[in-house]
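Below: the structure, in structure tokens.
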Amino acid sequence: MSKVSKLFKGSSSSSKSKQHHRSKGGPSAQEAIHRLRETEEMLTKKQEYLEKKIEQEIATAKKHGTKNKRAALQALKRKKRLEQQLAQIDGTLSTIEFQREALENSHTNTEVLKNMGFAAKAMKQVHQNMDLDKIDDLMQDITEQQEVAQEISEAISRPFGDTFDEDELLAELEELEQQELEDSMKNMGGLPNVPNSKLPSRPGPRPTTKKRVEDDDDMHMLASWAT
């Protein structure tokens, strides 16, 4: 048995009762996502540590160089082992990230389906209180009431009194106008003839009489006295 399996076996035996209790229902999606995030954080810190160690080993190899070839080679070997660990962590992080994203998507889909199921139950509960026959009757009643309202509106807006054909009235008016025109033409008759005789000439000035001369003299005399 490998050391890794022994390690997991030992840790599992210490929390056997807890795992047995959770195995019935299984871990929740949120709990699994939380643990995966913690693992990612731990491996990310491990990456940073290994990168710093690799830089240190490179600096050590450069420091010794040809002066202490054995120490330089040991530093390069340690760098190689650190790089292998770093590559393994990179692969593990990729796997964990993929698993976490898949679990998050599954959890999201589960929540969406759960909410959709809840909404479907609510809709079903609402529809249980509805009767299709009652709905049809209600719609028919509404239609009938609308027709009654329309008839009432038309009755209210209809004018009172006798109704006459407007075309007949216009035709009668046209006949009256035509008859009046014909009567007017009859009453006028023919135009009068123009007379052929000459008109009398304009009278000339009146002849001066003795009486008129005397009157004029009297008027002049009165005017001179007045002045």
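Values as computed for the structure displayed
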{"quantity": "Contour minus Cα-Cα distance for Gln178 and Lys46 (0.36 nm per residue)", "calculated": "35.7 nm"}
{"quantity": "Cross-link pairs Lys45/Lys114; Lys46/Lys79; Lys46/Lys67; Lys46/Lys80; Lys45/Lys69; Lys114/Lys134 - those with Cα-Cα distance over 27 Å", "calculated": "Lys45/Lys114; Lys46/Lys67; Lys45/Lys69; Lys114/Lys134"}
{"quantity": "Counted charge near Lys45, where neighbours are those whose Cβ lies closer than 12 Å (Asp, Glu -1; Lys, Arg +1)", "calculated": "-3"}
{"quantity": "Environment charge of Leu82, counting only residues whose C-beta is closer than 14 Å and scoring Lys/Arg +1, Asp/Glu -1", "calculated": "+2"}
{"quantity": "Derived scalar couplings ³J(HN,Hα) [the range 90-95; Karplus, 6.51 cos²θ - 1.76 cosθ + 1.60; whole Hz; x for Gly, Pro]", "calculated": "4, x, 5, 4, 4, 5"}
{"quantity": "Length added when fully stretched, Ile135-Phe118, from 0.36 nm per residue minus Cα-Cα", "calculated": "3.6 nm"}
{"quantity": "Backbone HN-Hα couplings from phi across the range 123-134 [Karplus 6.51/-1.76/1.60, Hz, Gly and Pro as x]", "calculated": "5, 5, 5, 5, 6, 5, 8, 10, 10, 4, 4, 5"}
{"quantity": "Computed over the range 25-117: relative contact order in percent, which uses C-alpha pairs under 8 Å that are six or more apart", "calculated": "37 percent"}
{"quantity": "Peptides ranked, highest mean first, by Cβ atoms within 10 Å: ranges 181-187, 35-41", "calculated": "35-41, 181-187"}
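Each value in this text was obtained by applying a stated rule to the coordinates, not by laboratory testing. These numbers were taken from a predicted model, which means no experiment stands behind them. Positions of Cβ are backbone-derived with ideal geometry, glycine not excepted, and every protein chain shown enters the neighbour counts.
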